[in-house]
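So the structure is just underneath, and the comments pick up after that.
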Amino acid sequence: MKKTGLVLLSAVWLINSHYVFAQSAQDAATACSDAARLIGEDDLVGALDEAKWCVESLQQLKQQAALTLFPDSVAGYVGGELDNQSALGMTIIDRTYTKDDSSVSVSLATGVAGGSLAALAQMGMGLANGTGKKIRVQKRTVIDMSEGGETQFMVQLKSSGMLNITSSDTSADELLPFIKAFPIKDLDNALEQ
C-alpha cells in the first residue's frame, strides 16, 4: 500500500513538474513531433498522450505571451508582482498597480472562468447592484460595476476572457485614464491568437 502511494505521489510530482517546465517553444514542438511520430508507429495511446502535452505546452506559451502584456507601469501607476494561477481549464492572472496612496487591481480570467463572466456581462447582469453603465474603450465593452466605496470595471474581451479592474480608494472618474491606458486591445488580440 505504501509503495502504491509513493508511486502516485511521484506521478503527481512528475505531471506537475512537466506542467511547470514544459513552457518553451521547443518543448511544445517536441511534444507535437512525438505525437505525429507515434501515430506513424501505430501507437495511438502514446500519440494521444503526447498530443495532450503538445496542447498543454502551446496553452502555456499563449499564457506567457499574455503575461508580457501586463505592463510594468500604466498612467503613472507601478505594477507589483504578477500572480498567475491555472487549474481545470481556467487561468487567472492578477497584478496590483500603485501610485501614491492609490492602488488598482487588474485581474484577467480566461478559459471557463473568463467565458462565464463574459456571458454574465453580455446579458447585462450585474454581479452587484453597480451602475451597469457601459462605455467603449479600445473597441471593447467596459461595464461600470462600481458600488459604494468599491470602483469596479469589467471589460469584455473578444477572446471570451474577462478583465476586471478594481480599486477601493480611487473613484470611477479617476480610474478611467488608467483603463484607457491599459493595453486591453493588445492583450485581447494575444489571447485570440
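Pick out the one residue from THR96, THR91 that is in the same structural domain as LYS185 (by TED's automatic domain parsing), surrounded by 13 or more Cβ atoms within 10 Å (Cβ to Cβ) and at pLDDT below 90.
Details: THR96 fails: at pLDDT below 90.
One residue alone meets the criteria, THR91.
Suppose we filter VAL112, VAL78 for residues that are among the hydrophobic types (A, V, I, L, M, F, W, C) and modelled with pLDDT of 90 or more; which single one remains? Steps first, please.
Numbers: VAL112 fails: modelled with pLDDT of 90 or more.
That would be VAL78, the only listed residue that is among the hydrophobic types (A, V, I, L, M, F, W, C) and modelled with pLDDT of 90 or more.
Could you give me the residue pairs with C-beta distances under 6 Å whose first residue belongs to segment 170-193 and is farther than 28 Å from GLN59 by Cα and of a type outside the set (A, V, I, L, M, F, W, C), whose second residue is crowded, with 21+ Cβ neighbours inside 10 Å and modelled with pLDDT of 90 or more wherever it lies, and which are 6+ apart or on separate chains?
Once the first residue is farther than 28 Å from GLN59 by Cα and of a type outside the set (A, V, I, L, M, F, W, C) and sits in segment 170-193, its partners that are crowded, with 21+ Cβ neighbours inside 10 Å and modelled with pLDDT of 90 or more give THR170/THR151.
Taking segment 44-74, which residues are over 17 Å from LEU157 (Cβ atoms), modelled with pLDDT under 90 and either of a type in the set (Lys, Arg) or in a loop (DSSP other than H, G, I, E, B) (or both)?
LYS52
In the list GLU50, GLU56, GLU81, which residue meets the criterion of being among the charged types (D, E, K, R), touching a helix residue (DSSP H, G or I) at 6+ places or on another chain (Cβ under 6 Å) and either under 25 Å from GLN26 (Cβ atoms) or not assigned by TED's automatic domain parsing to the domain that holds GLN26 (or both)? Steps first, please.
Numbers: GLU56 fails: touching a helix residue (DSSP H, G or I) at 6+ places or on another chain (Cβ under 6 Å); GLU81 fails: touching a helix residue (DSSP H, G or I) at 6+ places or on another chain (Cβ under 6 Å).
Being among the charged types (D, E, K, R), touching a helix residue (DSSP H, G or I) at 6+ places or on another chain (Cβ under 6 Å) and either under 25 Å from GLN26 (Cβ atoms) or not assigned by TED's automatic domain parsing to the domain that holds GLN26 (or both) holds for just one of GLU50, GLU56, GLU81, which is GLU50.
The values are calculated or read from the model by the stated rules, or taken from the named source; none is laboratory data. Predicted model, so just to flag it, every value in this text is computed and none were measured. Cβ sites come from the backbone with ideal geometry, for glycine too, and all protein chains shown count toward neighbours.
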